Structures are given as structure tokens and as C-alpha cells.
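As C-alpha cells, the structure follows; a few thoughts come after it.
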Amino acid sequence: MKVPRWITAGVVLGVVWLFVSDTPGTLDGIAAGLLTGLVLSLPVTYLFRALFPGRSELGRTRAMLPAAGKYLAVFVYELLTANVDVAKRVLAPSPRLDPGVLVVPLRVESDAAITTIANSITLTPGTLTMDYDADANALLVHAVDVGDVAAVVAPIRRWERYALTIFDEEADPETPARDVVREGDDAEVSER
């Protein structure tokens with residue numbers, strides 16, 4: 001079943017409303033909060049429906065929701081472990097730092113998927129998305145320690161694998177990505 005994307009966006013924003021509002025934890029409170037979120041979000045997404053062209057395939061939800069949950073779980077795990085790692089580095093008497101820039105080729109191609117991954121990288125302490133190279137479909141990622149490239153790239157590859165499913169990308173999640181290049185080096189760096 002296909003529905004206009006502005007409706008899908010309105011429902012998603014209505015659910016987001018539950019998390020950002022002071023909704024009571026009871027079943028009645030959640031239902032009222034969701035209804036309030038829908039009443040507020042659907043008219044807004046209707047007014048801005050030009051920003052949501054096309055139709056959404058609701059049958060994809062079965063594949064997308066588990067992937068989105070896994071993406072969120074991996075992101076939260078990486079966020080927590082990166083916070084601890086950066087705190088250890090800062091508090092160490094002689095910090096272990098080997099900063100550098102990596103060129104990370106992507107398999108995802110949609111703007112939404114690229115933006116999601118780039119923001120996840122930037123929100124994780126110790127890494128920062130510096131730029132996106134559209135010609136190479138690659139992100140330039142600065143990390144505080146590029147001594148172990150595999151450790152820097154592993155979470156990005158996990159996020160990308162889930163993003164391929166979430167955003168209904170063409171590439172197969174099991175297909176390996178191109179090798180990462182350390183900025184300033186001519187040779188490719190193996191992630192494995």
C-alpha cells in the first residue's frame with residue numbers, strides 16, 4: 001500500500017512528539033500524546049508537502065523498522081564507548097593521539113542516508129565528518145586516532161549496512177565497500 005510521503009512524515013513527527021513532550025507514561029497519556037503529535041504534525045507536513053514528494057511503500061516498514069532499531073542501538077553503544085575512550089585519552093598523563101583524516105567511500109547514495117551517517121560520525125566523540133566528496137561518494141572523516149583504521153571505520157560500516165536497508169538503497173548490505181584512504185597517503189588502507 002502506498003501513501004503520500006507527507007502523511008508518513010507527519011506520523012513520524014507525531015511519534016517524535018512523544019519523546020520530546022512531557023507525555024505521562026500511562027497508556028492513556030501515550031495515546032493522548034500521540035494524538036496531540038498527529039494533530040500538530042499532519043497539518044504542518046501537509047503545508048510543506050512539496051518537501052515530501054512521492055509516495056511511501058508501507059510494506060517496506062517490516063524490513064525498515066528492525067534495521068532502524070539496530071542502527072539506533074549500534075549508535076548508542078558507539079556513542080557511550082567513544083565518550084569513555086575520549087575521556088580516558090584526555091585524562092591520561094600522556095594522551096595517545098594520532099590524529100588524521102580518512103577518506104571513507106560509501107555504498108549509500110541517497111542524501112538522507114549520507115546525512116544520517118555523516119551526523120552519526122560527527123555526534124560520536126573523537127570523530128568528525130569534515131566534508132562529502134560527491135564525485136567519489138566518500139566522506140572525509142577526522143579522527144583523534146587513526147593508528148587503527150579498522151577501529152575508526154568499523155562503526156561507520158555497521159551504520160552503513162543498516163542504512164542500506166532503512167533507506168532502501170540499491171547496494172547489497174553484504175557487498176564490501178571500497179578501501180579507506182588515509183588523507184595524505186597515496187596507498188589505500190585496509191579496514192580488515
For the chain, the Cα convex hull volume per residue in Å³ comes to 150 Å³
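Can you give the local net charge around residue 139? Use residues other than it whose beta-carbon is closer than 11 angstrom to its beta-carbon, Lys and Arg +1, Asp and Glu -1.
Overall, the nearby charge balance is -3.
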Here, residue 65 and residue 88, labelled 7 Å along Cα→Cβ, have an inter-label distance in nm of 3.8 nm
Among 163, 138, 50, the residue with the largest mean-square fluctuation in a Gaussian network model of the chain built from Cα contacts under 10 Å is 50
Total charge of the residues flanking residue 160 in space, meaning their Cβ is under 10 Å from its Cβ, with Lys and Arg +1 and Asp and Glu -1, is +3
Taking Cα atoms only, helix 27-47 is inclined relative to the longest principal axis of the chain by an angle, in degrees rounded to 10, of 80 degrees
Out of 123, 40, 164, a Gaussian network model of the chain with alpha-carbon springs under 10 Å gives the largest mean-square fluctuation to 40
Ordered by fewest other Cβ atoms within 10 Å, a rough proxy for footprinting exposure, 110, 120, 56 read 110, 56, 120
Here the FRET efficiency for residue 110 versus residue 77, based on Cβ atoms and R0 = 25 Å and rounded to 0.05, is 0.55
For the chain, the longest principal axis of the Cα atoms and the Cα long axis of helix 5-20 enclose an angle in degrees, to the nearest 10, of 80 degrees
Among 87, 136, 32, the residue with the largest mean-square fluctuation in a Gaussian network model of the chain built from Cα contacts under 10 Å is 32
Output ordering of 3-11, 154-162 (per-residue mean of other Cβ within 10 Å, highest first) is 154-162, 3-11
Dividing the surface of the Cα convex hull of the stretch 2-53 by four yields a projected area in nm² of 3.7 nm²
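We did not get these values from a lab; they are worked out from the coordinates using the rules stated. What you see is a predicted model, and the numbers here were worked out from it, not measured in a lab. Ideal geometry is used to build each Cβ from the backbone, glycine not excepted, and the neighbour counts take in all protein chains shown.
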